[in-house]
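K.L.:
My structure is below; once you've seen it, I'll send some questions.
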Amino acid sequence: MAVHVVDSIDLQLARDIERDPFEAFDAHIDMDPFWAKEGDFYDGGFWVIGKFDQCRELLQDAETFQSEVFTEEPLLPSFAQPPELQKLRQVLLPHLSRRKTVGAEDRVRELANHYIDAFAAAGSCDLVADFAQHFPIAVFAELYGIANDKRAEFRQLAEKYLHSVGAERDSAWESIRAIVRGELQERRGNPRGDLLSGIANGEIDGAPIEMAICVNLAATVFLGGLDTLPSALGWTFRYLATHEDARRRVREQPETVPAMVEEFLRLYPVVAKERRRLSRDVDFHGVPMKAGDRVVALLSLANRDEVEFPNARTADFDRTVNRHITFGVGPHRCLGSHLARSELTIALQEWHRRIPDYRISDPSKIRFHGGIIAMSTLPLEWATAT
Ligand code: HEM
């Protein structure tokens, strides 16, 4: 097959862009694997894959398409290879299981209401700044096991990390790692039943895990949930604020919210791309790829592939099959998916119980940014009882 080549592709996207990034990616929909000569990730070019089946195939083959370390401290398990990968995941899995998440539901509901209390009577809020960026961090601080007296500091650092760039962001990240290291050290030999205790007292091949690895594991789990959930909440509420029928469905059929959440996750995969590097030469669907080549799987296109999802660009809350790959697929599949689904479901149910109807007060203010695909603000307003 002749290789299609594009000169340049912008996948990282700047801040404060006016165009919906998912629509920008759609320009490459239905394309066979192609080579981008330039882009924002790699000097010397890289392959771009956007079809559903092909993205699944490459993500499932972690030995051929390997994760690549591109930070100073390796994010673990993200940058690990089999068989270490599975061993590291085993340490985290029991603490992020569906059973654990179900057990935490009542407390997650309380936390959602705590934040809604702050603005429900006011008749307006910025969904991003007033809710989406607080609620998931608060839930996570509890699950993680950050002590009560340190939660405020931890939340402030997490929010500083989210809102800042450059040196300020680096310094917030270093402070977060320092807190995490201290908390892990306190729990070594003294477990408290939380996620950090599980990591600090975890074993690999019958031996305690090195503290440096514990810190990298704990930091990655923290990072995994930090930007993703706030962004997913933003996209979900933007859709709901502009679709009366969907708001009614949440209110009148709250039991269908989990299926709605799946469809929002499919349409808005906030981690829109995954990067890999080839460990060997392969013929990938007629395209010759070489060991060392870099590859980007565009999850956002895969989730909008008409072959897998008829009427793919439309939200269909009654889809009977919805195998979206928003959480990835294969050996590196997201470990936080149960928590993410639970938080999104609870946020929708509680919000609509308290604030049944609302709209975007000033759509012209909405700006988007790349990395984790998000919007910087979502101003909402609603009628209040007078
Ligand atoms: C809507 C929310 C979320 C989305 C869309 C999302 C998406 C993803 C994706 C696409 C991957 C990479 C899969 C791959 O490399 O093939 C991933 C990995 C990961 N996520 Fe999430 N995630 C979300 C929430 C969370 C949360 C809440 C946590 C933590 C509690 C978390 C923890 C992780 C971890 C630890 C990994 C690394 C897994 C590995 O490499 O083995 N994620 N996530």
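K.L.:
After finding the eigenvalues of the alpha carbon gyration tensor for the range 4-381, what semi-axes result from the square roots of 5 times each, listed largest first in whole Å?
P.N.:
Output for the range 4-381: semi-axes of 31, 29, 19 Å.
K.L.:
Please list, or write none, the aspartates and glutamates whose alpha carbon is within less than 15 Å of the alpha carbon of K87, excluding same-chain residues fewer than 8 places away.
P.N.:
Leaving aside aspartates and glutamates fewer than 8 places away in the same chain, those within reach of K87 are E203, D205, E210.
K.L.:
State, to one decimal in nm, how far the label point of E110 lies from the label point of V307, with both points 7 Å from Cα in the Cβ direction.
P.N.:
5.0 nm
K.L.:
Pairs K160/K365; K100/K273; K273/K365; K100/K365; K100/K150: which exceed 30 Å Cα-Cα?
P.N.:
With Cα atoms farther than 30 Å apart: K100/K365.
K.L.:
A follow-up question, please. Using a 1.4 angstrom probe on heavy atoms only, work out the carbon and sulfur share of the accessible area of the chain in %.
P.N.:
Accessible surface attributable to carbon and sulfur in the chain totals 48 percent.
K.L.:
A further question on this structure: At most 13 other Cβ atoms within 10 Å and a DSSP loop assignment: could you name the GluC sites (Glu not before Pro) in the range 268-316 that fit?
P.N.:
Here the sparse-neighbourhood loop sites are E306.
K.L.:
Sorting V102, V329 by accessible area (1.4 Å probe), largest first, what list results?
P.N.:
V102, V329
K.L.:
Separate question: Describe numerically, in nm with one decimal, the distance between label points set 7 Å from Cα along Cα→Cβ at R19 and at Q90.
P.N.:
4.8 nm
K.L.:
OK, next. If you count only protein heavy atoms with a 1.4 Å probe, what accessible area per residue comes out for the range 4-381, rounded to a whole Å²?
P.N.:
43 Å²
K.L.:
A follow-up question, please. Among 106-114, 373-381, what's the highest-first ranking by average C-beta atoms within 10 angstrom per residue?
P.N.:
Most protected by this proxy first, the peptides run 373-381, 106-114.
K.L.:
For the range 4-381, what proportion of DSSP beta bridges, expressed in % and rounded to the nearest 5, is antiparallel?
P.N.:
In the range 4-381, DSSP labels about 75 percent of beta bridges as antiparallel.
K.L.:
Oh, and also: Calculate, in nm to one decimal, what K365 and T384 gain on full extension: separation in residues at 0.36 nm each, minus their alpha carbon distance.
P.N.:
So the chain would gain 4.6 nm between K365 and T384.
K.L.:
Grab the beta carbon distance between S175 and R99, set R0 = 25 Å, and tell me the FRET efficiency rounded to 0.05.
P.N.:
0.15
K.L.:
In nm, what is the difference between 0.36 nm times the number of residues separating Q81 and A207 and their Cα-Cα distance?
P.N.:
Net length gain for the segment: 43.4 nm.
K.L.:
A further question on this structure: To the nearest 0.05, how large is the calculated FRET efficiency for A120 and T314 if R₀ is 41 Å and r is the Cβ-Cβ distance?
P.N.:
0.85
K.L.:
Between R192 and M31, how high is the FRET efficiency from 1/(1 + (r/R0)^6) when r is the Cβ-Cβ distance and R₀ = 51 Å? Nearest 0.05.
P.N.:
Using R0 = 51 Å, I get an efficiency of 0.50.
The values are calculated or read from the model by the stated rules, or taken from the named source; none is laboratory data. Predicted model only: the values in this text are computed from it and were never measured. FYI the Cβ positions are ideal-geometry reconstructions off the backbone, even for glycines, and counts take in every protein chain you see. Note: areas computed on protein heavy atoms with side chains; ligands, DNA, RNA excluded. Shrake-Rupley method; radii C 1.70, N 1.55, O 1.52, S 1.80 Å.
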